[in-house]
Amino acid sequence: MSLDSRTDYRLEKTRSLPVWLTPLGPETDAGIDAAWHKLTDGVTPRAESIEMKGREVPVPAAALGAARFSFRDLCEKPLGASDYLAIAERYPTVFIEHIPVLSPQQGNETKRFINLVDTLYDNKVRLVASAEAMPEQLLPVRRGTTGFEFDRTVSRLFEMRSQDYLESRES
């Protein structure tokens, strides 16, 4: 007896979820909590870690193939492409909370965010995020290579919200 189904029920849940919540505040926090609860069927999340080259990358909350991080967890710590790739390979859905508007003084954080989005995008990871502003407003001052790269990031963030993108990854 075959139990294969043509319907990916996790994808069905993702279709009905808001995937970019803004502005930051109690209402947005409640919205991302509700999205997490719906996507993980209310399963109690657990902290995990991914071993990378003799060190641990902490995952604050994980359940049913989803991982939940803050911007601080991913972009204000010394993480790089290999760390983001390990996350993308392990979790089909990633939640990132409290993405701020980035200032010129946050060059490292901006580059990490660009790298993170590139990695999630290239690996077809579904992203649910809360942010201070819409993607195009997250880096008000854009200069040089970083400005060009951030324009690409904005484009990818918009595409990652599309139905075609959300349906592009096998769970």
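The values are calculated or read from the model by the stated rules, or taken from the named source; none is laboratory data. Note that this is a predicted model, so its numbers are computed, not measured. Quick reminder, even Gly has a Cβ in these numbers, built from the backbone with ideal geometry, and neighbours come from all protein chains shown.
Per the conditions (1) in a loop (DSSP other than H, G, I, E, B); (2) under 14 Å from the mean Cα position of the chain (by Cα), the sole criterion not satisfied by SER103 is (2). Of all residues in segment 119-156, count the ones that are farther than 18 Å from ASP73 by Cβ and in a helix (DSSP H, G or I). Here the count works out to 18.
Every residue in segment 39-55 that is touching a residue at least 24 places away in the same chain (Cβ under 8 Å), surrounded by 10 or more Cβ atoms within 10 Å (Cβ to Cβ) and assigned to a loop (DSSP other than H, G, I, E, B), please. Hit for segment 39-55 is THR40, nothing else.
When each of TYR91, TYR84 is tested for being over 19 Å from VAL19 (Cα atoms), at pLDDT 95 or above, buried (at least 18 other Cβ atoms within 10 Å of the Cβ) and under 13 Å from the mean Cα position of the chain (by Cα), the lone residue that passes is TYR84.
Under the condition of being farther than 26 Å from GLN163 by Cβ and among the aliphatic types (A, V, I, L, M), the residues counted in segment 67-124 number 5.
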